[in-house]
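The values are calculated or read from the model by the stated rules, or taken from the named source; none is laboratory data. What you are looking at is a predicted structure, and each value in this text was computed from that prediction instead of being measured. Neighbour counts run over all protein chains shown; Cβ positions are idealised from the backbone, glycine included. For accessibility, only protein heavy atoms count, side chains too; no ligands or nucleic acids. Shrake-Rupley method; radii C 1.70, N 1.55, O 1.52, S 1.80 Å.
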Amino acid sequence: MLGVPMGACVAVGDSRSDLPLFEEVGCSIAFNGTPEARRAATAAVDGDDLRAVLPLLERWFTSPAGR
């Protein structure tokens, strides 16, 4: 709808229900994810605060793939 290709998008999830979305986006982050989510994701992060994903997002959006 906004013209952003799915390959330039990022998804953050934690479980099996997120796997179809992980397959569609260019970068996927398992946050406190299940083993299945971790295997399917581009990266995995654990923590008490969702802001733990910010360094990965910064890296993604400043990379050629994320632009």
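A few comments on the model shown:
- Each residue of region 36-50 was assigned a 3J(HN,Hα) from its phi angle through the Karplus curve 6.51 cos²θ - 1.76 cosθ + 1.60 (θ = phi - 60°); the sequence is 5, 5, 4, 5, 7, 7, 5, 8, 10, 9, 10, x, 8, 9, 4 Hz, with glycine and proline shown as x.
- Sum of -39500 (n - 2.57) over DSSP H runs of 4+, divided by residues of the chain (222 nm, nearest 500): -7000 deg cm²/dmol
- Listed values for region 13-23 are Karplus-derived 3J(HN,Hα) couplings in whole Hz (6.51 cos²θ - 1.76 cosθ + 1.60, θ = phi - 60°), namely x, 9, 8, 4, 5, 8, 4, x, 5, 4, 6, and x replaces Gly and Pro.
- The residues of the chain expose, per residue, 67 Å² of accessible area to a 1.4 Å probe.
- Expressed per residue, the C-alpha convex hull volume of the chain stands at 84 Å³.
- The protection proxy used here, the mean number of other Cβ atoms lying within 10 Å of each residue, ranks peptides 22-28, 46-52, 2-8 as follows, highest first: 22-28, 46-52, 2-8.
- Residues whose amide H lies under 5 Å from that of SER28, counting only those 5 or more places away or on a different chain, are ALA11, THR42, ALA43; hydrogens are built 1.01 Å from N in the peptide plane.
- Sequence-separation-based contact order of the chain, relative, with Cα cut under 8 Å and 6+ spacing, percent: 28 percent
- Amide H contacts under 5 Å for GLY33: VAL45, restricted to partners 5 or more places along the chain or on a different chain, H placed in the peptide plane at 1.01 Å from N.
- As a fraction of the 1.4 Å probe accessible area of the chain, surface on carbon and sulfur atoms comes out at 58 percent.
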